[in-house]
1. State whether one or more residues within the range 4-19 are more than 17 Å from the chain's Cα centre (by Cα), at positive phi and surrounded by fewer than 18 Cβ atoms within 10 Å (Cβ to Cβ).
2. Kindly list the number of the only condition in (1) among the basic types (Lys, Arg); (2) touching a helix residue (DSSP H, G or I) at 6+ places or on another chain (Cβ under 6 Å); (3) surrounded by fewer than 18 Cβ atoms within 10 Å (Cβ to Cβ) that fails for residue 47.
3. Determine whether residue 159 is part of a helix (DSSP H, G or I), basic (Lys, Arg), surrounded by fewer than 12 Cβ atoms within 10 Å (Cβ to Cβ) and out of contact with any His (no Cβ under 6 Å at 6 or more places or on another chain).
4. Only residues in the range 101-125 that are in contact (Cβ under 8 Å) with a residue 24 or more places away in the chain count as the first member; pair them with residues that are in a loop (DSSP other than H, G, I, E, B) and exposed (fewer than 14 other Cβ atoms within 10 Å of the Cβ), Cβ under 8 angstrom, at least 6 apart or cross-chain, and list the lot.
5. Being farther than 20 Å from residue 126 by Cα, outside any helix (DSSP H, G or I) and free of Cβ contacts under 8 Å to residues at least 12 places away in the same chain, is that true of even one residue in the range 62-69?
6. So, of the residues in the range 20-31 that are in contact with a helix residue (DSSP H, G or I) (Cβ under 6 Å, 6 or more places away or on another chain) and of a type outside the set (Gly, Ala, Ser), which turns out to be surrounded by the fewest Cβ atoms within 10 Å (Cβ to Cβ)?
Amino acid sequence: MNIREEILAEHSRKQGLKIAGWIGNDKKRFSRFLDLFLHDEYRVVQRSAQVLGFIADEHPELIEQNIHKIVNRLFDDNIHIAVKRNVVRILQFVHIPENLHAKVINICMAYLSNPDETVAVRCFSMTVLTNLSKVYPELKSEIISVLNSRFMGSSAGLKARVKKVFKDLEKVN
């Protein structure tokens with residue numbers, strides 16, 4: 001399969017699942033795919049972000065083995081919202097190595113604090129930060145402060161996530 005051609009052929013859930021299924025847990029195929037996600041043109045990167053999410057759901061070990069490269073993608077200029085959304089969504093569920101904690105906390109706090117950021121990215125950032133607050137309990141007060149100051153009068157989706165996050169933060173020592 002020519003992964004790049006398949007990514008460009010059609011942008012649909014069905015196509016994304018087909019590509020992710022073909023990659024499976026094959027490290028060589030994943031490496032070829034990851035190269036496209038990290039270095040190809042804007043449209044290929046955008047569409048490959050969805051496939052990355054599907055791969056993460058089935059084979060999180062492939063993501064964890066390449067987590068540094070994937071996280072660093074968040075710091076590129078002009079990344080597509082699909083990249084942010086899918087990478088931050090993935091970070092909710094995979095093990096983040098300690099040497100990436102500061103980077104992930106900083107980028108997720110920036111997303112969470114930005115009123116112009118999409119609801120999905122902000123919600124996923126809340127969960128990532130809440131997960132990391134179990135390692136860094138001092139982060140709890142900062143998260144609560146941002147949530148209290150930024151989310152009064154927000155959308156129903158954000159309010160629901162904020163409520164869940166507050167419950168989860170109550171459990172953090």
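1. no
2. (3)
3. Taking the combined requirement at face value, the residue does not satisfy it.
4. 101/135; 119/155; 122/114
5. Checked against the condition, which is being farther than 20 Å from residue 126 by Cα, outside any helix (DSSP H, G or I) and free of Cβ contacts under 8 Å to residues at least 12 places away in the same chain, the range 62-69 yields no hits at all.
6. Applying the filter and picking the extreme gives 29.
Laboratory data are not the source of any read-out in this text; all were calculated from the coordinates shown. As the structure is a computational prediction, the values presented were derived from the model and not from experiment. No Cβ is skipped: glycine too gets one built from the backbone with ideal geometry, and neighbour counts run over all protein chains shown.
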